[in-house]
1. Membrane-span-like helices in the chain: DSSP H runs reaching 15 Å or more (Cα, own axis), mean Kyte hydropathy at least -0.5?
2. Within straight cross-link reach of Lys52, meaning Cα distance under 17 Å, which lysines are found once same-chain residues fewer than 8 apart are removed?
3. Could you let me know the centre-to-centre spacing of region 87-149 and region 166-188, using Cα atoms, in angstrom?
4. Can you tell me the equivalent ellipsoid semi-axes for region 5-79? Use √(5λ) from the Cα gyration tensor, largest first, whole Å.
5. Using a Förster distance of 30 angstrom, determine the FRET efficiency expected from the C-beta separation of Ile135 and Tyr31, and round it to 0.05.
6. Would you please give the FRET efficiency between Cys60 and Lys90, computed as 1/(1 + (r/R0)^6) with r the Cβ-Cβ distance and R0 = 22 Å, to the nearest 0.05?
7. To the nearest 20 Debye, how big is the dipole of the chain about its Cα centre, given +1 on the beta carbon of each Lys and Arg and -1 on that of each Asp and Glu?
8. What is the magnitude of the charge dipole of region 1-84 about its Cα centre, with +1 placed on the Cβ of each Lys and Arg, -1 on the Cβ of each Asp and Glu, and no other charges, expressed in debye to the nearest 20?
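Values quoted throughout were computed directly from the atomic coordinates according to the rules given, and no laboratory measurement underlies them. This one's a predicted model, so the numbers in the text were calculated from it and none came from an experiment. Note that each Cβ is placed from the backbone with ideal geometry, even for glycine, and that neighbours are counted across all protein chains shown.
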Amino acid sequence: MNTFKNFEKILALHCSPTLVGIKPSNLISCYKKHYSNIPYLIKTYNTVLNKKNIFLEILCEYKSYYLILVYNKNLLNSILMNPSCQGFLKLNGYPDINILDAINTLKHKVLNINNFPHEIGLFLGYPLDDIIGFIENKGQSYKFYGYWKVYSNEEYAKSLFNQYDKCRESFVSKLLLGNSIMDIINVI
């Protein structure tokens, strides 16, 4: 299987909710031994996906892999512009927020902190109450877990997780029928 097909499988499995506009972003890891041409792949996909407000960006490069942020610019911007989220980000060292500055600050923090910064959850669409609950409870005493640990609205989270799962299943089944990610997104 070629590099494009493998990369499309990763996008379908891990980023389909972002690609259809129900999640602000996803993170994917791509190992260099399998994807030596990641910068080229990102440039190629961005040529088409940017027209749909979807962006792929290398969040950081490690010795053996790339960590890539796949984001819906409109959805992510609306979260980052929320006053409560802006306050949380400012408390965590982010400047006056615009999407590019926020991503650059996140890049810096991911590269220079031993653990992932908790605020990455905002970028990934986790509710602020769940991020705060995670911090206050040190990752324990959650009500439910799926795509993240849920501390607040369990029913909302379960519904959202179900949407994400259905979206992934739909993308994967369409890929198996021979469609490309570009074909699937152009129908949306």
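1. Answer set is 3-19, 38-49, 99-112.
2. Leaving aside lysines fewer than 8 places away in the same chain, those within reach of Lys52 are Lys23, Lys43, Lys73.
3. Here the two parts' Cα centres lie 30 Å apart.
4. 20, 12, 11
5. Once the sixth-power term is evaluated, E becomes 0.50.
6. The formula returns an efficiency of 0.45 here.
7. Once rounded to the nearest 20, the dipole reads 560 debye.
8. The calculated dipole for region 1-84 is roughly 160 debye.
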